[in-house]
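Here is the structure we will look at.
Each value in this text was obtained by applying a stated rule to the coordinates, not by laboratory testing. Bear in mind that the values here come from a model prediction, so they are computed numbers and not experimental data. Here the Cβ positions follow ideal geometry from the backbone for every residue, glycine too, while neighbour counts run over all protein chains shown.
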Ligand SMILES: [Zn+2]
């Protein structure tokens, strides 16, 4: 199982979804789960970088600082894997968005991601664990694919790490598209160059 965590950790760094040790991954294993250790470099994970944690006991201090969030999600929702990343554009959108959900504007995101809530909270706290879990819950045993934490990053869940990885990747893509389309809109409206002035006069 640690090999799968290591494989996805490498992909997260390779595709710019996480860097250094800014993120954590876990997989459910019966009444326990495996999670990356505190400070482990995501593209160099090996057997020693993974810690086993019980679903109902205080986590080992070697485990990631966000273990409490993973634990609460596993206790509450029927998911088998969780990925948390400080992905650049997801963090930016979580900070500039005035809404409680991420505004998805491209067709793939609308279809695939549906609704991604944004919550606030201090890293590694029980308060954040509760808020993330409640935001992911949809009722009748159903759940959302991910939640964004304001100024912090993405928590994506899935039936395996690949599914959670695809969600992390889709959210980053959606946030990137929104960032650049918003920037383009702003520049068109405010640009003082002759070409844009001419286009505005023609309207
Ligand atoms: Zn974090």
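Side notes on the structure shown:
- Build a GNM of the chain with springs between Cα atoms under 10 Å apart, and of 97, 26, 49 the one that fluctuates most is 97.
- With the simple model of a label 7 Å out from the Cα in the direction of the Cβ, residue 20 to residue 199 spans 3.9 nm.
- With a cut-off of 12 Å on the backbone N, the residues of the stretch 88-112 near the modelled label site 7 Å out from residue 186 along Cα-Cβ are 93, 96-97.
- The stretch 147-175-the stretch 55-70 distance, computed between alpha-carbon centres (Å): 20
- Within a Gaussian network of the chain (alpha carbon springs, distance under 10 Å), most fluctuating of 141, 158, 39: 141
- Mean projection area, nm², convex hull over Cα of the stretch 117-184: 5.2
- P(r) tail fraction, the stretch 15-89 - alpha-carbon pairs more than 22 Å apart, %: 18
- Restricting the calculation to Cα atoms, the chain yields a radius of gyration followed by a Dmax of 18.7, 67 Å.
- Evaluated at q = 0.27 Å⁻¹: base-10 log I(q)/I(0), Debye formula over Cα of the stretch 54-133: -1.41
- Anisotropy class of the stretch 76-119 from Cα gyration tensor, a/c 1.5 cut: oblate
- Here the label points at residue 60 and residue 111, each 7 Å from Cα along the C-beta direction, are separated by 4.3 nm in the simple model.
- Convex hull projection area averaged over all views, the stretch 146-187, Cα basis, nm²: 3.2
- Computed over the alpha-carbon atoms, the stretch 88-159 gives an Rg to Rh ratio of 0.95, Rh here being the Kirkwood radius from the mean inverse distance.
- Residues listed by number, the stretch 92-106, amide nitrogen under 17 Å from residue 179 label point at 7 Å toward C-beta: 92-98, 102-106
- Sequence-distant contacts, meaning Cα pairs under 8 Å at least 6 residues apart, place the relative contact order of the chain at 21 percent.
- Degrees separating the helix 126-136 axis from the principal Cα axis of the chain, which is the longest one: 60
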